[in-house]
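Shown next, in structure tokens, is the structure this report addresses.
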Amino acid sequence: MSLDTGDVVRRLEEGMAGGVLSFPLTSFHADGSLDPDGFRTHVAAQIATAPGAVFPACGTGEFFSLDEDEYRTVVSAAVQESAGRVPVVAGIGYGWAQAVRFARIAEEAGADALLVLPHYLVAAPQEGLVRQVAEIAARTRLPLIAYQRGQVAFGVEAFRQLAAIPTVIGLKDGHSDLDRLQRLTLAAPGGFLFFNGAATAEIQARAYATVGVPAYSSAVHAFAPEIADAFFGALKTGDEGTVEKLLRDFYVPLVELRDRVPGYAVSLVKAAARLRGRPVGPVRAPLTDPSAADLADLTSLLATGLDLVGADL
């Protein structure tokens, strides 16, 4: 575990420049119980593809469905499988008092940093949004990345206060409000990290890059790192033909499929991983697994995407 904030920032910067950010799925047995061995297999395969960082127990990893013991198992496994090869950023959330309980578990497990997921349920003023993160920062030594999405959206002044907290090192954005985001990047101190956290982030990767936010999380990486890495490489080298082809024939149809049912942003990812033999199991309620018809469409789309990059199902 690194407690040197500057070292964590450096490692994340290096990782973000070289690959997508991996958000592994949490494995469950058919009865809904945690499958630690399945998760270890899955996260080890993710790390083997050399992502920029690995983010266990976040949104794609169904953080909201995990109890504290399960969370400890998941984060510990990710740290052990990583063995220092890539930074491990664990998700935490709910109100700050509960978030701190998860933060302490992640710290004990050896995580490098924490992603502060949007707080539970209530809308709050800007002062409260900053204080939520500040209360967590006061109770953990780990660097924090704030996640603005849903009811959390920082204005410029609140963002300045957020970025002034010594252990807050970055902001993940899921709103896709590029006007607001550009204002935040211009107000940020040197070395502050920004992440594109839009759903199916590849769709908006070019737009985010224009306001200084080229790094992004990739749900596709959880089931098809070949596709995710091909897109990242094409974007980085300016291969617009490949970018356009993958967007048109794979990513846009995937988003259209995802938008059919609430929760498919996770359910489809898990289903696609199962189609490729990954031991991730079903989703937990309140999420639902895809219908037979949607699963058939996903199977066809996955085959198309893999064919586009010369990979096999």
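Tell me yes or no: at least one residue of the range 280-299 is surrounded by 14 or more Cβ atoms within 10 Å (Cβ to Cβ), out of contact with any strand residue (DSSP E or B) (no Cβ under 8 Å at 6 or more places or on another chain), among the hydrophobic types (A, V, I, L, M, F, W, C) and in a loop (DSSP other than H, G, I, E, B). Within the range 280-299 (the criterion being surrounded by 14 or more Cβ atoms within 10 Å (Cβ to Cβ), out of contact with any strand residue (DSSP E or B) (no Cβ under 8 Å at 6 or more places or on another chain), among the hydrophobic types (A, V, I, L, M, F, W, C) and in a loop (DSSP other than H, G, I, E, B)), the answer is yes, since at least one residue qualifies. All of (1) crowded, with 23+ Cβ neighbours inside 10 Å; (2) in a helix (DSSP H, G or I) hold for D179 with one exception: (1). Determine if the range 78-87 includes at least one residue that is of a type outside the set (D, E, K, R), in contact with a helix residue (DSSP H, G or I) (Cβ under 7 Å, 6 or more places away or on another chain) and either closer than 25 Å to F154 by Cβ or free of Cβ contacts under 8 Å to residues at least 12 places away in the same chain (or both). The answer is yes; a qualifying residue exists. Restricting attention to the range 159-170, which residues are surrounded by fewer than 18 Cβ atoms within 10 Å (Cβ to Cβ), hydrophobic (A, V, I, L, M, F, W, C) and touching a helix residue (DSSP H, G or I) at 6+ places or on another chain (Cβ under 9 Å)? Hit for the range 159-170 is I165, nothing else.
Screening the range 1-15 for residues that are assigned to a loop (DSSP other than H, G, I, E, B) and either under 16 Å from S82 (Cα atoms) or touching a Cys at 6+ places or on another chain (Cβ under 7 Å) (or both) and picking the one that is modelled with the lowest pLDDT gives M1.
Being among the hydroxyl-bearing types (S, T, Y) and closer than 18 Å to A158 by Cβ is the filter here, so list the residues in the range 180-214 that pass it. The answer is T185, and nothing else. Of all residues in the range 107-122, those being out of contact with any Pro (no Cβ under 9 Å at 6 or more places or on another chain) and within 18 Å of F64 (Cα to Cα) number 8.
Specify which of the listed residues (D31, D37, D69) is part of a loop (DSSP other than H, G, I, E, B), over 17 Å from A219 (Cα atoms) and acidic (D, E). Exactly one residue qualifies, and that residue is D31. Of the residues in the range 120-127, at least one is of a type in the set (V, I, T) and surrounded by fewer than 23 Cβ atoms within 10 Å (Cβ to Cβ). Does A97 satisfy the criteria of being surrounded by fewer than 24 Cβ atoms within 10 Å (Cβ to Cβ), over 15 Å from the mean Cα position of the chain (by Cα) and either on the phi < 0 side of the Ramachandran plot or among the hydroxyl-bearing types (S, T, Y) (or both)? Yes. Of all the listed residues (V43, V54, V79, V75), the sole one being farther than 18 Å from Y147 by Cβ, modelled with pLDDT of 95 or more, in contact with a strand residue (DSSP E or B) (Cβ under 8 Å, 6 or more places away or on another chain) and surrounded by 23 or more Cβ atoms within 10 Å (Cβ to Cβ) is V43.
On the given criteria, is A50 small (G, A, S), in a loop (DSSP other than H, G, I, E, B), within 25 Å of F232 (Cβ to Cβ) and in contact with a Phe, Trp or Tyr (Cβ under 6 Å, 6 or more places away or on another chain)?
Working: small (G, A, S): yes; in a loop (DSSP other than H, G, I, E, B): yes; within 25 Å of F232 (Cβ to Cβ): yes; in contact with a Phe, Trp or Tyr (Cβ under 6 Å, 6 or more places away or on another chain): no.
It is false that A50 is small (G, A, S), in a loop (DSSP other than H, G, I, E, B), within 25 Å of F232 (Cβ to Cβ) and in contact with a Phe, Trp or Tyr (Cβ under 6 Å, 6 or more places away or on another chain).
The residues of the range 237-264 that are more than 19 Å from the chain's Cα centre (by Cα) and over 18 Å from L308 (Cα atoms), listed by number, are E256, L257, R260, V261.
The values are calculated or read from the model by the stated rules, or taken from the named source; none is laboratory data. Just so it is clear, the structure is predicted and the values come from calculations on it, not from any experiment. Heads up, the Cβs are rebuilt from the backbone with ideal geometry, glycines too, and the neighbour counts pull from every protein chain shown.
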